[in-house]
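What follows draws every value from the coordinates through simple rules; no lab data is involved. If you're wondering where the values come from, they're calculated on a predicted model, not measured in any experiment. Every residue, glycine as well, gets a Cβ built from its backbone with ideal geometry; the counts of neighbours run over all protein chains shown.
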Amino acid sequence: MLQNISDFAGQPLTVLEKVYDSEYTTAFGNRAIANLLYNYERLYSDPEEALRVYTRQCSIGVSARDLGMMGATLANQGVNPVTGKRVMPAEHVPELLAVMATAGFYDESGIWMYKAGLPAKTGVGGGIVAVVPGRFAIAAFSPRLNEAGNSVRSMKAIQDIAAELGVGVFGPNPE
């Protein structure tokens, strides 16, 4: 998984072990979800192992540039535009972008799509990557989060850029 995510970024990435340790020891909600999924035969591995893998991938350190390159790889149909490496099959990119559009902001996904009109993924560290399919990506980083856990400044910056460029699927929609 680390190699795949590094391929998206176009450079080697590392797991931030202190972040992983902290997140794993306090992952009570995710642990409960994993156990419920396992109980209902919707998780096909040991729940604790699934939780470890999920938490490790969530603890990979990335910069705003890395996020931008990951998004650009999706915008380029799964091929990293700098390295030229195919990271994922082109036929799977639309499905991934649809998931980003409908769930990338968790409870605020619908509001985000209305305001910015771009598939995007937010992270609890304050980073956000948005994709303009077939064209480019926009990434931003700012750690202050709103009540839903999304970066206030990153959201505003990407919304403003999308509006200025007229790239949102619903047209320019400034605040």
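Annotations
- Once you reduce the stretch 85-139 and the stretch 1-63 to the center of their Cα atoms, the two points are 19 Å from each other.
- Given charges at beta-carbon only (K, R positive; D, E negative), |dipole| of the stretch 63-175 in Debye: 340
- Size descriptors for the chain: radius of gyration and Dmax over Cα atoms are 16.5, 48 Å.
- For residue 148, the shell of other residues with beta-carbons less than 12 Å away shows a net charge of -3, using +1 for Lys and Arg and -1 for Asp and Glu.
- Mean Cα-pair separation over length for the chain, i.e. relative contact order, pairs under 8 Å, 6 or more apart, %: 18
- Each helix, a run of at least 4 DSSP H residues, gives -39500 (n - 2.57); summed and divided by the residues of the chain, these come to -14500 deg cm²/dmol at 222 nm.
- Comparing 25, 102, 73 in a Gaussian network model of the chain where C-alpha atoms under 10 Å apart are linked, the largest mean-square fluctuation is found at 25.
- Residues whose placed amide H lies under 5 Å from that of residue 77, excluding near-sequence neighbours: 134
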